[in-house]
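The values are calculated or read from the model by the stated rules, or taken from the named source; none is laboratory data. Everything numeric in this text was worked out from a predicted model, so none of it was measured. In this analysis, Cβ positions are derived from the backbone assuming ideal geometry, glycine residues included, and neighbour counts consider all displayed protein chains. The area values use the complete protein model at the heavy-atom level, side chains included, leaving out ligands, DNA and RNA. Shrake-Rupley method; radii C 1.70, N 1.55, O 1.52, S 1.80 Å.
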Amino acid sequence: MHTCCTSSRGLAAEMANPLTVKHQRSSPLFLEAFRQAAGRVPIWLVIGTLTSLLAYAAAHPWLSWFAGETAHNYEPKSLALELDRTFRQDHAAGLATLNSATASAGAMLALLAMAMGVFFAGGWLQIFLEKTHGHSLRRFFYGGSRYFWRFFRLLILTLCVLACGGWVIYDWPFETLVLEMLLGIPEADFGSLETLHSELDVVHLRWIQDGLYALFFALVSAWGTYGRTRVALHEGRSVIWAGMCSFFTIVLHPLRTLRPLAGLFAIDALVRLWLAPQLLEKAAGSLEQDPGYGAIASLALVNLLALFIASALRGAGYFAAVRVSQDVVRPLSRPDPWKGSIGPPGGPQYLPGKGDEYGVSL
């Protein structure tokens with residue numbers, strides 16, 4: 001009787017975890033991943049809010065400068081829609097200083113945004129790999145700190161790969177193999193491409209370069225997602241080994257690994273290219289009619305909504321990567337580090353050592 005009850009409870013616990021259920025999926029994996037990530041409302045709310053603070057940090061000097069320069073000098077709301085030519089000419093030096101300061105601060109904010117993305121990746125994977133539920137924010141921040149330095153090393157490796165790809169597509173290899181050998185353009189004309197038949201050919205050639213780099217960037221991003229998932233799934237330490245294994249996993253299973261991420265990318269493109277522009281157009285129309293705080297707040301809310309959806313989609317990518325990796329990646333010869341994890345619900349999970357005994361009393 002006790003054994004039957006225990007088995008029933010174990011089966012119920014496995015069914016409660018969406019990553020351990022082995023059943024026929026009625027919906028595509030990318031939709032299931034988006035549903036699972038969107039259900040973690042506190043997580044993507046925190047991620048979107050923290051990310052929006054970076055934008056506020058960049059905008060705050062501009063807000064302070066405009067508040068000082070326009071106070072008692074301009075009619076209220078007269079500059080809400082655009083800055084006229086007179087204003088730009090009178091304040092050219094101040095605007096130039098602001099642009100220079102924003103460019104310098106923007107580089108630091110971009111680095112901070114990448115570091116935050118590394119932290120968020122560890123939090124998402126901690127949530128999707130644990131066997132317990134509840135207190136998701138606590139587990140999220142624990143996972144972010146747990147994997148941060150390993151994922152940060154993988155970020156550096158990813159940036160090196162992207163730099164090498166950019167060199168191949170935009171520098172000497174492309175110029176030698178494509179421009180000189182294939183198209184017969186002399187080296188002296190690489191900068192202007194004057195030997196081509198028309199300017200349209202030059203534009204098409206640049207489009208091909210940009211398209212190749214965009215495709216390369218998407219593949220490297222997918223590789224980074226699976227690399228981080230492999231590190232967390234196997235509790236590995238070597239990011240180079242995880243990156244090599246993830247590369248061969250994608251090569252051997254291109255459809256299974258890339259299809260769910262492509263579906264999530266399609267949702268992201270739909271939001272960014274259709275939904276957000278539609279809402280921003282309506283908000284901009286209300287701003288033209290009445291340039292007040294309400295219209296400006298509506299613009300901010302639309303951008304926050306797009307940021308929240310993007311945060312959930314990023315988490316969905318890790319859910320899909322975990323599901324695919326559990327299906328196609330061979331288990332380690334040693335026991336699964338996540339299988340025997342113990343710990344209070346919502347708290348850190350621990351691996352029992354030799355001779356450790358744990359019991360539950362009711």
Lone qualifier among THR195, THR176 - being part of a helix (DSSP H, G or I) and either at pLDDT 95 or above or surrounded by 11 or more Cβ atoms within 10 Å (Cβ to Cβ) (or both)
THR176
Need a quick list: helices (runs of 4 or more DSSP H) entirely within the range 208-311 having at least 3 residues that are farther than 17 Å from PHE30 by Cα and open to solvent by less than 50 Å² (accessible area, probe 1.4 Å).
239-252, 276-289
Within the set of pairs 6+ apart or on separate chains, which have a first residue in the range 220-234 that is touching a residue at least 40 places away in the same chain (Cβ under 8 Å), a second that is open to solvent by 30 Å² or more (accessible area, probe 1.4 Å) and of a type outside the set (Phe, Trp, Tyr), and C-beta atoms under 6 Å apart?
VAL220/VAL161; HIS234/LEU332
Unique residue being in contact (Cβ under 8 Å) with a residue 24 or more places away in the chain and either more than 30 Å from TRP62 (Cβ to Cβ) or more than 18 Å from the chain's Cα centre (by Cα) (or both) when the list is ALA121, ALA113, ALA103
ALA121
Restricting the search to the range 282-311, which residues are aromatic (Phe, Trp, Tyr) and either without any contact (Cβ under 8 Å) to a residue 60 or more places away in the chain or in contact with a His (Cβ under 8 Å, 6 or more places away or on another chain) (or both)?
TYR293
For a quick check of your reading: which helices (runs of 4 or more DSSP H) sit entirely within the range 34-135 and have at least 1 residues that are modelled with pLDDT of 95 or more and farther than 30 Å from TYR293 by Cα?
92-129
Any chance the range 152-165 includes a residue that's at pLDDT 95 or above, among the hydroxyl-bearing types (Ser, Thr, Tyr), in a helix (DSSP H, G or I) and open to solvent by less than 60 Å² (accessible area, probe 1.4 Å)?
yes
